[in-house]
Structures are given as C-alpha cells and as structure tokens.
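A short worksheet on the structure shown next.
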Ligand code: SF4
Ligand code: SF4
C-alpha cells in the first residue's frame, strides 16, 4: 500500500526550496489594532495570518505560505503594523532563477490558459 503524504503546495518556489527564502510579514503588536484587514486580504489558500481573539491581535501563523514578493497586507494595513523584508533581496534571488525552469512554467501556464496568448 502506498503511503499517503500531505505536501505543502508552497514548499517549492520556481524550483527553489521556499524555506531558503526570507520573505514573510512581521507584525508590530504595538501598532496592530486588531482590525483583521490582513487576514481577509491574504489569499484563502495561503492563510498566513491567524487571529488571537483574547488579545485582539493578528498573528503570523504560517510565514512560509507567504507568496514570495507579495506585500498586499503591508500595503493594506492602514495602521502601518506590517512590514516585509527589503524587496531587493527577493529581486536578487529572482535574477538567479533557472531560465529553463521559468520557460517550462511559462509554457505550462500558456497551455493551460490559451486565452493569454496574443
Ligand atoms: S491589518 Fe494591521 S492593524 Fe489590522 S489586524 Fe492586521 S496587522 Fe493588525
Ligand atoms: S504578503 Fe501577500 S501572501 Fe504574504 S501574508 Fe501578505 S497578503 Fe498574504
């Protein structure tokens, strides 16, 4: 009988282990008002944030689910409580990605979404 395994769909980022990339939100609890905007902003499948009802604070629960390069919650937090690392590091990592890997991903995406071809 084959073993059933659950795999994090975000464990690999364009061929690189996600765990090797520093990109996740940090919350300054002194600034967090507990409004919940970050929780509803982050994609349903990623669900990076949880919520502490007792303290009325958002908490970063699954940092490696954060989409590399996304900063929607940092922008969306009206209280300036969320920060992300310097994006230049992520850009540096992106520049070193395998072009073969990206080409394969591009071909696969366009094959699945022919309406994107112009
Ligand atoms: S959006 Fe900002 S203020 Fe609101 S819960 Fe999230 S971290 Fe706290
Ligand atoms: S940056 Fe994007 S993916 Fe990451 S926690 Fe914020 S909203 Fe979610």
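Points to keep in mind about this one:
- Looking only at residues of the range 46-65 that are more than 13 Å from ligand 1 (Cβ to nearest atom) and within 26 Å of residue 18 (Cα to Cα), we find that the one that is surrounded by the most Cβ atoms within 10 Å (Cβ to Cβ) is 65.
- Residues in the range 13-35 that are in contact (Cβ under 8 Å) with a residue 40 or more places away in the chain, part of a strand (DSSP E or B) and farther than 14 Å from residue 49 by Cα were compared, and the one that is nearest to the chain's Cα centre (by Cα) is 13.
- Qualifying residue in the range 74-97 (condition: in a helix (DSSP H, G or I), more than 16 Å from residue 21 (Cβ to Cβ) and more than 14 Å from ligand 1 (Cβ to nearest atom)): no
- Among the residues listed as 42, 32, 38, the single one being more than 10 Å from ligand 2 (Cβ to nearest atom) and touching a strand residue (DSSP E or B) at 6+ places or on another chain (Cβ under 7 Å): 32
- Extreme residue, farthest from the chain's Cα centre (by Cα), among residues of the range 48-67 that are over 17 Å from residue 81 (Cβ atoms) and more than 8 Å from ligand 2 (Cβ to nearest atom): 54
Residue-by-condition table, conditions (1) more than 15 Å from ligand 2 (Cβ to nearest atom); (2) modelled with pLDDT of 95 or more; (3) surrounded by 14 or more Cβ atoms within 10 Å (Cβ to Cβ):
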site	(1), (2), (3)
72	no, yes, yes
97	yes, no, yes
106	yes, yes, no
111	yes, yes, no
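The values are calculated or read from the model by the stated rules, or taken from the named source; none is laboratory data. Given the structure is predicted, the values throughout are model-derived calculations rather than measurements. When we count neighbours, we look across all protein chains shown, and the Cβ atoms used for this are built from the backbone with ideal geometry, even at glycine.
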